[in-house]
Structures are given as C-alpha cells and as structure tokens.
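Asker: Sharing a structure below in structure tokens format, with a few things to ask.
What follows is calculated from the coordinates using simple rules that are stated; it is not laboratory data. The model shown is predicted, which means the values in this text are computed figures rather than measured ones. As a convention, Cβ positions derive from the backbone with ideal geometry for all residues, glycine included, and neighbour counts pool all protein chains shown.
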Amino acid sequence: MEKRKSFAKSHHKAAIKRLIYENGSLSRTEIQQKTGIRPASITQLTRELIEENILIEKGLGNNQKGKKQRLLTLNPNGGTVIGIEFDPQSIHGLLIDLENKIISEKNYTLPEKATGNQFVEQLKKTIHQLIHADPTHMTPLLGIGIADPGLVDREQGVSLFCSQIADWRDVPLRQIMEKEFQLPIYVEGNTNCKLLAESLFGAGRNFQNQIYIDLSYGIGASLMTHGSFYYGVQGLAGELGHIQYDKSGPICSCGSHGCLEMFVSSSAVIRSIKNAIQHGVISPYLDHIRENTAFLSIHSFIKAANENDKFCASLVEEMGRTLGEVIANVVNLLNPEAILIGGELADLGDLIINPVKGTVRRQSLELATRNLAFKVAEIKDRPASRGAASLVLNQVFKGNELF
Ligand SMILES: [Zn+2]
C-alpha cells in the first residue's frame, strides 16, 4: 500500500513538473484542472517541489472567478544543463539555466586534420570549462546533450561515423563522457537537435509534424511526426541530400551520381561559382572574385544574391526549384504541416523559399499543400547546441516521450 502511494506521489510530481515545463507558469487551480489531482495533494506536492528548489512562486494570475492566484514556474536556479555541438573545425558549448538563459558559452577551434582523440579530449575540456563557469558552483548540473554532426546510435550514445573527421568511427561518446562527468549524457544527430530547438523556441513552435532541411555544406533533414523524431530502423532517416536528382549528374561522396546535395548546398554553390568563372560568365559578383579570390564565400554570395546580382540570383532560383522538386515528392509521401529551411543557405530567406514553395505547390497534391507552411529557421545562433541542451531538459521534465 505504502509503495503504491509513493509511486502515485512521484507520478503526480512528475506530471506537475512536466506541465510547468510545457506551459511556462500555471496556478495551482490550473494544475488541478489539467491533472485531476485532488486540491489538497496539489498544495502538498507543490510545497515539496518548492522545497526541492524545482519550482518557485512568481507573479499572479486570474482563476476562473477572476480571483488572483499565485503562479508557479520552474526555479531558474534549480539546475543547469550543457548543450554542445561540434563539427570538423570547431566545438561550441552552452551552459544554460532552467529558463533557457545562457550562463556561459565556449568556443574552440581545432587544428587542421585533428584526430578523433584530440576531438574527444577537447570536448571534455570544453565541458569542464562550462561547468566551472557557473558562478554559484551550487546549482546542480542535470546533464549534458551532445549534437553530433555524423551518424549516431542514439540509444547506445555511440557516434558511428563522421566523414570529415579522421579516424572517427564507433566512438562511445556517452560512455566516455559518463565516466568523466558522472552525469546523464544524451547524444543526438545535429539536424535533429536543430529541429528540436526550432520546435521549442523558433519557427516550428506551432507544428507537431514538420520537416527541417539543413542547407549547409551538404543537406541534412530531420523529420518530426506527432512531436517525436522519426529515425528509421537504423537511424538513417532524413538523408535527403542523397536522394538522386539527376542520374547523369556528378559523382557524390556517397558513391552515387547526381545526389540532391551536388546541386543544392554550400559546396554546390562554391563549385558553381568556380565553374562560372572558368567559363567566363559575366556578373559584377564574379568579376569581383576574378579581381580578388579571397572575396569568394557563402556570405558574399548571399549578400550579392540579395543585391540582385544576375548570376547569384539565378543560381538561387535554380537551387530553389531543384530543392522544390524533391520536397514535392517528400510532401506527397509524408503530408507534413510545415517545411523549415535552416542552415547556412537559409540566410537567403525568401529568395530560396519562394522558388521552393512555387515548385512544391505545382508538383505536390493540391490537398497536401493547401495548409502547408514554409518557414525559414529562426534560431540563428547555435541552434544545435540549444537543441542539445533541450534534449536534457526534455528528459528531465518529460521523461522519454520525445524519443
Ligand atoms: Zn550522395
């Protein structure tokens, strides 16, 4: 009997924590209405959660009769979490509180051709620095989320493969970091972390069924259905960049020919610019690069496209149409609510969204596109680290449900 009682109590406490995490702040009456827990128990349980530093009382709200009631919210000092992302050149980490406020941020650039071991050691160092950056040294660190740029076995916390980091294969990241920090460690694919951040704080807030397309060096995609990620049986779902677009196209790093990312990605843009220069194509942007090759970058390309440079604008238009043709098939297959475009090329904004939208609307089933939203990702600053930190918060407050 006692056992059953204590189970019900911890179950009810978890339900209250989860509600407040999802809603920001609620009064006791609202918690009662949403959970059905008896009012006397709510008073007792919320008192305990306040004593445990998980909740605080903050501000007043109205109940149904218009009477003022104290609101309960998460105690920002109740814990911190770390979110970390890495790519072949750099490591970035954030320490945030329970209000998602950044307490500290660390960046590290790796030497060229850094080995897997160097990476792991630097990841550890960066996390140690973030832990020491908590000015109070009192707040419990609840866990560490890692956004991995390669293929991941997220259940085992193993980083399987990253084509751009030398000797990076089957790295047991969770095991290594658990041993070092004695904390819960979550490893997730970088694009999933970005979609998680957008779904919580950005352009994906109002959608449960959405696809995030990461237009960077290659193309990554993350699929969310009913608020959960879709992984596929081996976690390989979302390889949108390797959908074949033109079988007579150039050979791709995956061994196939004419994959989508050979036509739409930052690396495809750089290739097209070099190609155009070689073939004597004329435009102010290309002339500028002919004068000074240091001017060639994705940043300068986006700026020139926005200034309506003929070559850049038409390349963006063509990329948008190509991407739209592939997304049209994806929309027919999955019928999502929203398509989010993120990554480096998302800074093109409407210039890329409009041709994508136009093509999808023309080529997908009319019913599937009637209410389909197209959005540019909103979180510009380190969305993967943000999402990695949210992995931990979701685990702490929502349990396993996201996954
Ligand atoms: Zn490929």
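Asker: Just to be sure I understand: if I project the alpha-carbon convex hull of the chain onto a plane and average over all orientations, what area do I get in nm²?
Answerer: Mean shadow area of the hull around the Cα atoms is 24.2 nm².
Asker: Tell me, how many Å apart are the Cα centres for region 83-135 and for region 283-355?
Answerer: 31
Asker: Quick one: which residues, 5+ away or cross-chain, put their amide H under 5 Å from the amide H of Ile379? H built at 1.01 Å from N.
Answerer: Residues meeting the criterion, in which the H sits 1.01 Å from N, are Ala203.
Asker: With runs of 4+ DSSP H residues as the only contributors, calculate the mean residue ellipticity of the chain at 222 nm using -39,500 (n - 2.57) per run, divided by the residue total and rounded to the nearest 500.
Answerer: -13500 deg cm²/dmol
Asker: With a Förster radius of 45 Å, plug the Cβ-Cβ distance of Gln175 and Ile282 into 1/(1 + (r/R0)^6) and report the FRET value to the nearest 0.05.
Answerer: 0.20
Asker: Right, something else. Between 0 and 90 degrees, rounded to the nearest ten: what's the tilt of helix 190-201 against the longest Cα principal axis of the chain?
Answerer: Result, in degrees: 60.
Asker: Further question on the same structure: Roughly speaking, what is the stretch gain from Ser90 to Gln44, that is 0.36 nm per residue apart minus the C-alpha to C-alpha distance, in nm to one decimal?
Answerer: 11.8 nm
Asker: I'd like to know which of Asn329, Phe263, Ala294 lies farthest towards the positive end of the charge dipole of region 205-376, counting +1 on Cβ of Lys and Arg and -1 on Cβ of Asp and Glu.
Answerer: Asn329
Asker: Counting only the backbone N, which residues of region 329-343 are under 15 Å from the spot 7 Å out from the Cα of Leu367 toward its beta-carbon?
Answerer: Answer for this model: 332-336.
Asker: Would you mind computing, in nm to one decimal, how far apart the modelled labels at Ser6 and His226 are, each placed 7 Å from Cα along Cα→Cβ?
Answerer: About 3.4 nm separates the two model spin labels.
Asker: Something else: Per residue of region 332-339, what does 6.51 cos²θ - 1.76 cosθ + 1.60 with θ = phi - 60° give for ³J(HN,Hα)? Whole Hz please, x for Gly and Pro, Karplus curve as stated.
Answerer: 4, 6, 10, 6, x, 8, 8, 10
Asker: Between Gln234 and Asp381, what is the label-point separation in nm under the 7 Å Cα-to-beta-carbon projection?
Answerer: For the pair Asp381/Gln234, the computed spacing is 4.0 nm.
Asker: How much length is gained if the chain between Gln118 and Gln208 is pulled fully straight, taking 0.36 nm per residue apart and subtracting their Cα-Cα distance, in nm to one decimal?
Answerer: 28.5 nm
Asker: With charges set only on the Cβ (+1 for Lys and Arg, -1 for Asp and Glu), what does the dipole of the chain come to about its Cα centre, in debye to the nearest 20?
Answerer: 1780
Asker: Beta carbons within 10 angstrom, averaged per residue: use that to sort the peptides 155-161, 259-265, 342-348, highest first.
Answerer: Per-residue Cβ counts within 10 Å, averaged per peptide and sorted highest first, yield 259-265, 342-348, 155-161.
Asker: Give the residues of region 346-364 whose amide nitrogen is closer than 12 Å to a point set 7 Å from the Cα of Asn308 in the direction of its Cβ.
Answerer: none
Asker: Right, something else. Please list 312-321, 223-232 highest first by mean number of surrounding beta-carbon atoms within 10 Å per residue.
Answerer: Those peptides, ordered most packed to least, come out 312-321, 223-232.
Asker: Then there's this: Quick one: if the Förster radius is 22 Å, what FRET efficiency do Glu344 and Arg321 give, using the C-beta to C-beta distance and rounding to 0.05?
Answerer: 0.70
Asker: Relative to the present Cα-Cα distance, how much length would full extension add between Thr35 and Gln182 at 0.36 nm per residue of separation?
Answerer: Between Thr35 and Gln182, full extension yields an extra 49.5 nm.
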